[in-house]
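In what follows, a single structure is set out as structure tokens and then discussed.
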Amino acid sequence: MNNSILTGYKCPVLPLFREITKNKREKGNSHTASNYESVVNKLTMYLGNNGEKFSLYNITQEWVEGYIEWLKERHPDKPQTVDFYFRGFRALYNKAIKMKKFRKQCGLNPFFGLSIKKTKTHKRALSSEFLKRLLNPKLKASLQDNWVKTLDILLFSLYCRGMVFQDIYDLTWAMVDHDWQIHYHRSKTGQYICFYIPDEVREIMLRYQRPHNRYVFPFLRETANGHLLCEKSALRRINRHLNAIGRLLDIPCKLTTYVARHTWATLMLEAGKSVEIISQCLGHSSIKTTQIYLASISTTKIDIEVDDMLNRFVRPNTSKKNRKTDYTIKTSHTHLNGFRRLFTQRSINLDSQSLFLKKKGTIMNCITIRYKDIYFFIVNKIKYNL
């Protein structure tokens, strides 16, 4: 290692990390910048009075192991929190090395082989029963004004493909075109998202529109006294109100803004929509992220397949005949290999494993069903009764 590299490694860590954080915020990555600020504050606490002199040269594997142990002591039984600070610190270290064009000391990576063992957290999604309670018009009539606004934010997120709170907080009328489409870049990933605004959402948006105010939901940025409220404080206030609404409705999980996102993704998955479509709507940067995300929020489809296997091979009283279900299907046209068939209202016998339906409802767009080993692509609106 030459002298210039050695001198570079002697530069203090905290000012370097703050510079990286500042650059992130200036580029518009406020979410990442806020996370980095939390990591820097935690590191400052660990380093104590000599923190400003602590250099990259001092970061060895032994030092990192000691820092991890300290984090575990500070946050017992919270491995996700320890992992957050560990991953944030590692990211800042790697960015500092890259930005200053340093080489890792003697080619050694101080984070090699180190990781935080986390417990798997179950992401909550609302069942159709609790969703109906939230959508019941009588609920709004019984709530105080602040809670009505909070409920509108939750429903807005649900109808708008699980839009995250920070993007709702930053949403302006300039992002809404004349055809009622929203255009924006997701704050966390920078992914461009565009979608048509449902009628239910238009009503919510117009309810809070103010002359000469650029924000769609200006009340999110205001305190009771009219002072400016930052995004984090606004989120805490919304989630506090949502939790109270959840308790009022006897919802078993803690109701938060992210529950709307998880619920939307779960409903899309259970409706048979492709991972590619769900990924694009959620604004994920890769399909892999979506696959991991979906794997942790919905097991209903797996339960259906397992139940079908038990019906076929394990349960003695279940015959093939019992697995047949009569579905009444009303639709306009179907298309099969260029051949158009017209279905008038009629009852046909379908293999229950070929069509995933709930008890009563409506499916829009296109689904595929199998009838006597022929695949039909049914388009438009389908009403069914079990």
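Do the alpha carbons of any pairs in Lys98/Lys188; Lys22/Lys53; Lys188/Lys273; Lys95/Lys254 sit beyond 29 Å of each other, and which pairs? Check vs 29 Å cut-off fails for Lys95/Lys254. Need one word for the range 29-171: rounded, prolate or oblate. Basis is the Cα gyration tensor (sqrt eigenvalues a ≥ b ≥ c); a/c below 1.5 gives rounded, then a/b vs b/c decides. Prolate, since a/c reaches 1.5 and a/b exceeds b/c. Under the criterion of Cα pairs below 8 Å and six or more residues apart, the relative contact order for the range 128-298 equals 25 percent.
All of the numbers you see were taken from the coordinates with simple rules; none came from a lab. Just so it is clear, the structure is predicted and the values come from calculations on it, not from any experiment.
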